[in-house]
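These notes concern the structure reproduced below.
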């Protein structure tokens, strides 16, 4: 079924139930009002060019309405990252996908100091320009039976593209991922089986909707079930998010490790008492975070694994089957194959190899990029570019990006493994990351980056007890903040560039 058609069914079923409680704008919308507003916006969006339409809006009721409205009028939403370099991202999306119109907000542009980009249309202006007749027409349509409304709005097929999302660009230029209605719906159904989501759930929605983790788990899953969504646009306002959770009985909170560290530091005992699921993903969950969260809030952090190209969830730990350190078992309907890096043969249990995924959740391909699609899709399998293994009990263990393995002296060294050991040897409030930069003699140099000065000699000594000599960092650097993407993921490309610059400056001084 089409996503917006299912939403119509849900809205007619739950009518006066609160659908969205937007804590950024202090707006509350019932399911009926959400349907009415979506129909109204769809009538406006119809006037814009056919095909793609950009959406650059924060996590809010406005973004939810714009996304549904775009689908209702047959436009394909292109979600634009506004967290860093918003104007460049907007132009990149326009050029890549060949469209002009971008639905955005004056308030957002002012807050992030983003200049106007040709084609931008402000949601505030749209709302102010609505006539009484337009509002009346939308209200009358919203009162019609679900079947009639579905006949009036755009129909299409489940294999149509439901959204264009860009990969994080943490390692190279973002790729435009095409996810169909079928891809997202398959992930919704599978995740719902894992966690028994229902209309009684209350989703605390803080992740941006330009990130697939936020889009599926914080938007489409609650909409699918007729649950309540608590939206808040700033995931870095940790204390406020803890208060929203406590005061509104949230049952689900998702985030990256970076965000959960913030929640842990700013929360008080009892803030998360209503949660039945706290789910961490997008980056490896450090053991100290998992242990500290369990100790303070007496509840587990369930770790999952996904990819933009998989809509996104591939595997997850769940209450019944939770193996800390792993990323859980593949969700229903998803197959995972571990392939030997050199031979292409399937690896036996416990042996590391490339992680390949097959299922209805796997993307249609990268838009206008046949080469990258061909490189990543082979015989129906999607090559994630990640390394991992499956143990004898079926749990998937993620050991890092293929690109986060470095060849030094003929040996493959995992930067993620170095990080995981280093994290246990430094103070809890110190962030660390390990990067590789070119070295004229060894071919590669491993550099450890921390956010505070640490005692290097004792740390190196303990590292040497667990790692071979070639895997030991050759240098420790201190930077105030580790760069992150808007989703909270580490920005390895920016961090590597910073380290290269520091290393080059140090060499000049010598």
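The values are calculated or read from the model by the stated rules, or taken from the named source; none is laboratory data. Being a predicted model, the structure only gives us computed values, none of them experimental. Backbone-built Cβ (ideal geometry, glycine too); neighbour counts: all protein chains shown.
For residue 80, indicate whether it is touching a helix residue (DSSP H, G or I) at 6+ places or on another chain (Cβ under 8 Å), more than 18 Å from residue 128 (Cβ to Cβ) and crowded, with 24+ Cβ neighbours inside 10 Å. So residue 80 fits the description; yes. Considering the stretch 294-353, the qualifying strands (runs of 3 or more DSSP E), each wholly inside and each with 2 or more residues that are touching a helix residue (DSSP H, G or I) at 6+ places or on another chain (Cβ under 9 Å) and surrounded by 14 or more Cβ atoms within 10 Å (Cβ to Cβ), run over 302-306, 313-316. For the stretch 130-150, which positions are without any contact (Cβ under 8 Å) to a residue 24 or more places away in the chain and in a helix (DSSP H, G or I)? Within the stretch 130-150, 132, 133, 136, 140, 147, 148 meet the criteria.
Scanning the stretch 400-430 for residues that are modelled with pLDDT under 70 and in a loop (DSSP other than H, G, I, E, B) turns up 409, 410. Looking at residue 103, is it modelled with pLDDT of 95 or more and out of contact with any strand residue (DSSP E or B) (no Cβ under 7 Å at 6 or more places or on another chain)? The answer is no for residue 103.
Set side by side, the residues 311, 307 differ, and just one is on the phi < 0 side of the Ramachandran plot and outside the structural domain of residue 387 (by TED's automatic domain parsing), which is 307. Selection within the stretch 460-472: residues that are touching a residue at least 24 places away in the same chain (Cβ under 8 Å) and out of contact with any helix residue (DSSP H, G or I) (no Cβ under 7 Å at 6 or more places or on another chain). The member of this set that is surrounded by the fewest Cβ atoms within 10 Å (Cβ to Cβ) is 468. Can you confirm whether residue 452 is buried (at least 18 other Cβ atoms within 10 Å of the Cβ), under 22 Å from residue 292 (Cβ atoms) and touching a strand residue (DSSP E or B) at 6+ places or on another chain (Cβ under 8 Å)? Answer is no for this residue.
Number of residues in the stretch 151-204 that are closer than 22 Å to residue 73 by Cα, under 20 Å from the mean Cα position of the chain (by Cα) and assigned to a helix (DSSP H, G or I): the value is 5. The set of residues in the stretch 99-129 being over 16 Å from residue 55 (Cβ atoms) and not in a helix (DSSP H, G or I) consists of 113, 115, 116, 118.
I'm trying to understand the selection: among the residues of the stretch 265-288, which are crowded, with 21+ Cβ neighbours inside 10 Å, within 22 Å of residue 83 (Cβ to Cβ) and free of Cβ contacts under 8 Å to residues at least 60 places away in the same chain? Within the stretch 265-288, 280, 285 qualify.
For the stretch 377-387, filtered to residues that are surrounded by 21 or more Cβ atoms within 10 Å (Cβ to Cβ) and at pLDDT 90 or above, the residue that is nearest to the chain's Cα centre (by Cα) is 384.
Among the residues of the stretch 240-256, the ones that are closer than 19 Å to residue 280 by Cβ and part of a helix (DSSP H, G or I) come to 4 in all. So, in the stretch 72-118, how many residues would count as being under 22 Å from the mean Cα position of the chain (by Cα) and on the phi > 0 side of the Ramachandran plot? So the answer is 1.
Just name the residue that is nearest to the chain's Cα centre (by Cα) out of those in the stretch 30-71 that are over 19 Å from residue 5 (Cα atoms) and without any contact (Cβ under 8 Å) to a residue 40 or more places away in the chain. Per the criteria, the residue is 50.
For the stretch 247-286, residues that are more than 22 Å from the chain's Cα centre (by Cα) and closer than 23 Å to residue 320 by Cβ total 2. Against the numbered list (1) surrounded by 24 or more Cβ atoms within 10 Å (Cβ to Cβ); (2) touching a residue at least 60 places away in the same chain (Cβ under 8 Å); (3) part of a helix (DSSP H, G or I), residue 259 comes up short only at (1).
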